[in-house]
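What follows is calculated from the coordinates using simple rules that are stated; it is not laboratory data. A quick note: this is a predicted structure, and the numbers were derived from the prediction, not measured.
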Amino acid sequence: MVLEAQREQTRLRQSVQRAVATPISKPHSVVVAFALLTAIVCAAAIALTPTMSHAVFIPLIVAAAFLLSGRRLALAIAIVLTGYVTTAAITWSDAPTQWSVAVALALIVGIVAFANRQRFTMGVPLSVGSSMLKDLRQRLDTQALPPEMPDGMRVEHCVMPSRGDAFSGDFVVAARRDDHLHLALTDVSGHGPSAGMRALLLSGALAGLLGETRPEDFLPGANRYLIRQGWRDGFASAIHVSINVEDGEYCVGTAGHPSAAHYHAGSRRWEMITGAAGLLLGLFDQGPQDYARAGGVLEPGDVLLLYTDGVVEGPDGDLAAGTQQMLGLAQQAISAGPEGAAQRICGASARTGGQDDRSVVVIWRPVPESSESRHARGTASV
């Protein structure tokens, strides 16, 4: 169990290391090359004025952004700007085109500075950041795929990053062991790429634990793992469910996470599963006794709903009102059938306000089709 989690973490770390290991082997040489190239461009622009536009300095800034980062990027930009200012001081004619180039150059430098600050939080160069994020996103999506389920149980999920980010701090891991589905929905602190990187590493460890521990040991094990990492602001909330795919009996545990909701098809009412509670992961050393669990039974037609706080947090921060609003959205979503309800709930909650990542998991038991219905459908098709 532990070895599997460690192996998964090692594979993920190696993936990150491979992604960032090779972009630039000699950054000092690149800075020197930029200095020489800037001198050549500066001399050419002065000699060929007005034939040669000052816009020739813009590609140098863009190239520096892709090849360098941090202080070396700042140095390269300073060199290029020095060349531009020198050229402009000698050849300035107050023409509209020269003003346009000056404004464009200032905007590009601002954009590059902002992008450099963003990627600094990730620790990866821009030249590999996009491909790495795509690879890591694919890994998270793969780990979230539910295992093969019998006809009497269905699972869907939706993860919607905040503000259109490519990465989310929310993730889902799922595994099936014998006749039980084990699933965890986790919300890592923060947003964007930095939260996504932590989510990736944590998801690998939790995937190794999931289904290999007793349900009551899963959250304490996840908590111990997160404490050992020593991440700054590295806490997370989580909800874990273990459900028998044959008879629908389930148990739920939470760690600083919103309660699960159970829709009873017979009464057409929602029940909040409030008996499960525990502290956030990564704060204090906790044992199984500190993560209370609650249970129930999904009858045919029932739905179990898991979600992150981004679904119920509105602009005013009223969680109670947000939860009631979410249940109303969920009622509307499942009235059209549980299929696709997770996506509909996420989409509807995004329109009601709030800037957090949003994730929803929907687990339901389809109503068995009666023999009369099957016979009627078969007769109609004939």
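Just a few scattered comments:
- For the stretch 131-371, the C-alpha radius of gyration sits at 0.95 times the compact-globule guess of 2.2 N^0.38 Å, with N the residue count.
- For the stretch 217-322, dividing the convex hull volume of the Cα atoms by the residue count gives 110 Å³ per residue.
- Karplus-derived HN-Hα couplings along the stretch 51-66 (A = 6.51, B = -1.76, C = 1.60, θ = phi - 60°), whole Hz, x at Gly and Pro: 4, 8, 6, 5, 5, 5, 6, 5, x, 5, 5, 5, 4, 4, 5, 7
- Values of log10 I(q)/I(0) for the stretch 45-85 across q = 0.15, 0.21, 0.30 Å⁻¹ run -0.38, -0.64, -0.99, by the Debye formula with one identical scatterer at each alpha carbon and no solvent.
- Value of relative contact order over the stretch 131-371, rounded to a whole percent, pairs C-alpha under 8 Å and six or more apart: 23
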